[in-house]
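J.: First, the structure itself, so that you have it in front of you.
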Amino acid sequence: MRPPSYKAIVDEYAAAIRSGALPAGTRLPTHRALARERRIALATATRVYTELAAAGLVVGEQGRGTFVRTRSGYDGIEPSRALPVPRVADLSFNQPLAPGQGDLLRQALRTLASSGDAEALLRQHPPGGHRHDRAVVARYLLGRGVDTAPENVLLTSGAQQALDCVLRTLTRPGDVLAVDALSYPGVKLLAAAHGLDLAPVPVTATGPDLDALERLCRARPVRAVYTMPTVHNPLGWVLDRAQRDRLATIATARGCVLIEDGTYAFLEASPPAPLHALAPEHTCYVAGLSKNVAPGLRFGFAVLPGRLLRAATSSLRAAAWGAPGLVTALATGWLADGTVARLERHRRADAAARQRIAATALAGLDVTAHPASYLVWLGLAEQQRPDRVAAVLAGEGILVSTADAFATGPHRPRAVRLALATPPLDTLAGVLGRLRAAVEAIPP
């Protein structure tokens with residue numbers, strides 16, 4: 001009798017999981033055991049579990065095996081936002097607002113309405129923005145150590161669109177994109193949309209394993225490396241100058257491009273030089289104003305080497321053209337008059353205060369965090385599955401993100417990410433205390 005195809009095995013497992021015959025938490029055979037049992041190649045067994053994981057049915061945990069996931073909908077890259085009980089706190093996304101920002105917006109809109117040609121805000125801007133608006137962003141970026149000409153800046157509707165534009169420009173389906181083994185979920189969505197081959201780079205306590213990255217670049221045709229050197233999401237690290245120099249050297253020697261994500265970089269007051277300053281011809285820099293100003297202000301920017309600008313502008317035109325005129329005027333006005341700088345100072349103080357609260361509330365637990373970050377990576381106890389923990393916390397009215405959302409390879413650590421910026425500051429200690437009690441009460 002011929003062995004079943006891998007698709008038949010996938011369908012068999014999927015049916016058993018969906019029917020409840022294989023309940024949540026069931027440990028599945030190892031890859032080797034499955035290969036022996038079903039008389040298939042080890043690579044085929046791995047493919048079975050990869051497809052089941054992509055369907056959200058199983059999760060692989062490094063060193064422990066593959067388990068049937070809790071199908072609560074509160075874990076993964078796009079978790080449910082509807083809680084079964086009244087909401088206590090959203091720790092799954094950072095959506096920071098400073099006191100008085102509503103008044104700032106009202107004043108800015110009044111100023112725009114009364115100055116110059118208001119109708120100009122309703123006209124179509126060129127793809128990537130007008131030169132004078134790009135010049136405002138270029139001056140702002142000098143404060144981050146990114147020295148670039150205005151013509152090398154493209155304005156976008158948020159950092160996600162900036163990243164999309166860069167990937168459209170640099171890559172084609174099947175290209176290899178190196179990325180940290182734990183990384184920003186948005187890059188996973190874009191890689192899937194563009195048909196890219198994500199190559200995870202192991203992470204250490206202080207940054208990506210650069211020896212592993214170098215081996216990867218020798219073994220495979222890596223087209224680009226996506227990296228967050230300053231205040232990493234989700235692990236919070238800030239790479240030192242030696243690590244940055246080595247990243248720049250790898251990119252230059254191997255002919256690949258660094259995609260430097262500076263979304264949270266403003267939180268570190270005095271970071272080392274950005275990668276763009278070390279290898280400007282091999283670096284594309286992307287960031288936006290959603291974390292330092294307001295999540296609803298969809299304004300971002302990409303800084304690219306001159307040789308890529310024409311293709312990037314075409315990519316931006318094909319996708320969504322760029323940032324709307326009204327949003328651009330509001331954002332560049334706040335950049336020029338110092339409002340963004342003031343809000344960034346507030347955010348840095350606020351993030352530091354929240355990290356101090358978290359350090360006290362979560363003392364003794366397995367916590368990874370940077371004192372300048374809005375993020376906490378919380379390791380779980382042995383046998384505690386992140387999907388189950390997320391479901392229990394949802395029952396307490398608390399939303400968190402599981403490691404599955406950030407894992408770019410087949411292994412998912414036992415961890416959840418806590419985003420500290422959204423709850424009111426005076427409630428955060430109580431929220432984290434309630435979270436801790438709920439997590440510690442979950443049986444192994």
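The values are calculated or read from the model by the stated rules, or taken from the named source; none is laboratory data. These figures come from a predicted structure and were not determined experimentally. Cβ coordinates were reconstructed from backbone atoms using ideal geometry, including for glycine residues, and neighbour counts include every protein chain displayed. Accessible surface areas use protein heavy atoms only, side chains included; no ligands, DNA or RNA. Shrake-Rupley method; radii C 1.70, N 1.55, O 1.52, S 1.80 Å.
J.: So in region 403-444, with the set limited to residues that are hydroxyl-bearing (S, T, Y) and in a loop (DSSP other than H, G, I, E, B), which one is surrounded by the most Cβ atoms within 10 Å (Cβ to Cβ)?
T.: Filtering first and then ranking leaves T408.
J.: Any residue in region 171-182 that's closer than 14 Å to A193 by Cβ: show its pairings with residues that are part of a strand (DSSP E or B) at Cβ separation under 6 Å, as long as the two are six or more apart or on different chains.
T.: Note: pairs meeting the criteria are T171/R223; D175/R223; L177/L198; L177/A224.
J.: A331 fails exactly one of the following numbered conditions: (1) in contact (Cβ under 8 Å) with a residue 60 or more places away in the chain; (2) over 21 Å from the mean Cα position of the chain (by Cα). What is the number of that condition?
T.: So the condition that A331 fails would be (1).
J.: Moving on to the next point. With respect to Q107, determine if the residue is at pLDDT 90 or above, out of contact with any Pro (no Cβ under 8 Å at 6 or more places or on another chain) and either within 30 Å of E12 (Cβ to Cβ) or open to solvent by 40 Å² or more (accessible area, probe 1.4 Å) (or both).
T.: Against the criterion (at pLDDT 90 or above, out of contact with any Pro (no Cβ under 8 Å at 6 or more places or on another chain) and either within 30 Å of E12 (Cβ to Cβ) or open to solvent by 40 Å² or more (accessible area, probe 1.4 Å) (or both)), Q107 qualifies.
Condition check ((1) in contact with a strand residue (DSSP E or B) (Cβ under 6 Å, 6 or more places away or on another chain); (2) free of Cβ contacts under 8 Å to residues at least 60 places away in the same chain) across all residues:
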{"site": "A353", "(1), (2)": "no, no"}
{"site": "L393", "(1), (2)": "no, no"}
{"site": "A403", "(1), (2)": "yes, no"}
{"site": "P424", "(1), (2)": "no, yes"}
{"site": "L428", "(1), (2)": "no, no"}
{"site": "G433", "(1), (2)": "no, no"}
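J.: Let me ask something additional. Residue under question is I250, and the condition is that it be of a type in the set (A, V, I, L, M) and either free of Cβ contacts under 8 Å to residues at least 24 places away in the same chain or more than 19 Å from L155 (Cα to Cα) (or both); does it hold?
T.: Yes, satisfied.
J.: In region 272-307, what residues are over 17 Å from T252 (Cα atoms), open to solvent by less than 10 Å² (accessible area, probe 1.4 Å) and polar (S, T, N, Q)?
T.: Result: N292, single match.
J.: Would you check which residues across region 44-67 are part of a helix (DSSP H, G or I), open to solvent by less than 80 Å² (accessible area, probe 1.4 Å) and either farther than 24 Å from E382 by Cβ or touching a Pro at 6+ places or on another chain (Cβ under 8 Å) (or both) and list them?
T.: T44, A45, T46, V48, Y49, T50, E51, A53
J.: State yes or no: is Q101 more than 30 Å from G76 (Cα to Cα) and modelled with pLDDT under 95? Please lay out each step first, then the result.
T.: On the way: more than 30 Å from G76 (Cα to Cα): yes; modelled with pLDDT under 95: yes.
For Q101, the condition - more than 30 Å from G76 (Cα to Cα) and modelled with pLDDT under 95 - is met.
J.: When region 355-365 is examined, which residues are found to be in contact (Cβ under 8 Å) with a residue 24 or more places away in the chain and open to solvent by 10 Å² or more (accessible area, probe 1.4 Å)? Break it down into steps so the answer makes sense when it comes.
T.: Of all residues in region 355-365, those in contact (Cβ under 8 Å) with a residue 24 or more places away in the chain come to 355, 357-358, 360-362, 365.
Of everything in region 355-365, those that are in contact (Cβ under 8 Å) with a residue 24 or more places away in the chain and open to solvent by 10 Å² or more (accessible area, probe 1.4 Å) turn out to be Q355, I357, T360, A361, L365.
J.: Can I ask one more? Which residue is most open to solvent (accessible area, probe 1.4 Å), if the candidates are limited to region 131-151 and must be touching a residue at least 40 places away in the same chain (Cβ under 8 Å) and either part of a loop (DSSP other than H, G, I, E, B) or closer than 23 Å to L190 by Cα (or both)?
T.: Among those that are touching a residue at least 40 places away in the same chain (Cβ under 8 Å) and either part of a loop (DSSP other than H, G, I, E, B) or closer than 23 Å to L190 by Cα (or both), it is D147.
J.: Which members of region 106-125 meet the condition of being assigned to a helix (DSSP H, G or I) and either among the polar types (S, T, N, Q) or without any contact (Cβ under 8 Å) to a residue 40 or more places away in the chain (or both)?
T.: Passing the criteria: R106, Q107, R110, T111, A113, S114, A118, E119.
J.: Name the residues in region 336-354 that are surrounded by 19 or more Cβ atoms within 10 Å (Cβ to Cβ) and within 12 Å of A429 (Cβ to Cβ), would you?
T.: Passing the criteria: only R354.
J.: I need the full set of residues from region 348-387 which are farther than 22 Å from Q95 by Cβ and part of a loop (DSSP other than H, G, I, E, B), in order please.
T.: A363, G364, L365, L380, A381, E382, Q383, Q384, R385
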